[in-house]
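What follows is a set of notes on a single structure, which appears directly below.
The values are calculated or read from the model by the stated rules, or taken from the named source; none is laboratory data. All figures in this text were calculated on a predicted structure; none of them were measured in a lab. Ideal geometry is used to build each Cβ from the backbone, glycine not excepted, and the neighbour counts take in all protein chains shown.
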Amino acid sequence: MQSVDSAVLETRVPAYLQDADNQWFGFSQRSRIIFYDKNDVTDPPQTYAELADPKYKGMVCIRSSSNTYNQTLLASIITHTNEAAAKEWAQGIVDNMARKPQGGDTDQMRGIISGECEIAVANTYYFARAIRTDVKGLSEQRETIGWVFPDQDGNGAHMNLSGGGMAAHAPNRENAIKFLEYLSSDSAQVYFSAGNDEYPSVPGVALSPSIAELGFFKPDDVNLSEVANNLPAAQRIFNEVNWE
């Protein structure tokens, strides 16, 4: 990638959603949050740390350690705390799993519907898609599922991005910058985020109906470059605690 010099992008895209060297910019976001069975769980976890509490033993459905979203979540925990605390958390999640990791995020929420688990971890856009359109095994009974945006009194909910930048040897630099600036415009933000069932990155842009139903929350504004640097440590910890 190469740096992009654009006052438009630097102004419209929040600082925590862009690279320090302006090599990438986030244009839409999804949050990795906690879903739960409203019929069975009266005290759902309010933080990522609480997910590892022994009182939720045998209740949690979550994807494998090879999943990028779980890798960035653990890497963010390392960034906020340290490797020892992150390992303790990861071990707690393994101990609380209702089943071996399997399938995608939608399958974790389907696990709530089927009764295999009472709590699931998934990205917001998978549930928003089930609001907007018919997702087999989820949409018809989604009213039984509640959700928690974790760490609202702390660091905020973990975020993953859809973004863009310019390739190191881009032959049409001027037009590439114009396209990236367009992606930060209100019209593109509405179109792009609604199409992905995600939250727009630019503040003040209207939410799509499916995302609006999920609601607003405090996002984690951790430095994503630091999170990326901790990905190797996160994978090592996953291996050490036998998170499949």
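Can you tell me which residue is farthest from Gly154 (Cα to Cα) among those in the stretch 4-46 that are in contact (Cβ under 8 Å) with a residue 40 or more places away in the chain and of a type in the set (S, T, N, Q)?
That would be Ser6.
Considering only the stretch 53-104, state which residues are surrounded by fewer than 19 Cβ atoms within 10 Å (Cβ to Cβ), of a type in the set (Gly, Ala, Ser), in a loop (DSSP other than H, G, I, E, B) and on the phi < 0 side of the Ramachandran plot.
The answer is Ser64, Ser66, Gly104.
Give the residue, chosen from Ser65, Ser28, that is hydroxyl-bearing (Ser, Thr, Tyr), in contact with an Asp or Glu (Cβ under 7 Å, 6 or more places away or on another chain) and at pLDDT 95 or above.
Ser65
Would you say Glu116 is over 16 Å from the mean Cα position of the chain (by Cα) and part of a helix (DSSP H, G or I)?
Working: over 16 Å from the mean Cα position of the chain (by Cα): yes; part of a helix (DSSP H, G or I): no.
Considered against the rule, which asks whether it is over 16 Å from the mean Cα position of the chain (by Cα) and part of a helix (DSSP H, G or I), Glu116 comes out as no.
Please return the ranges of helices (runs of 4 or more DSSP H) entirely within the stretch 137-244 where 3 or more residues are aliphatic (A, V, I, L, M) and either over 21 Å from Ile119 (Cα atoms) or free of Cβ contacts under 8 Å to residues at least 60 places away in the same chain (or both).
Ranges flagged: 173-183, 186-196, 224-229, 231-240.
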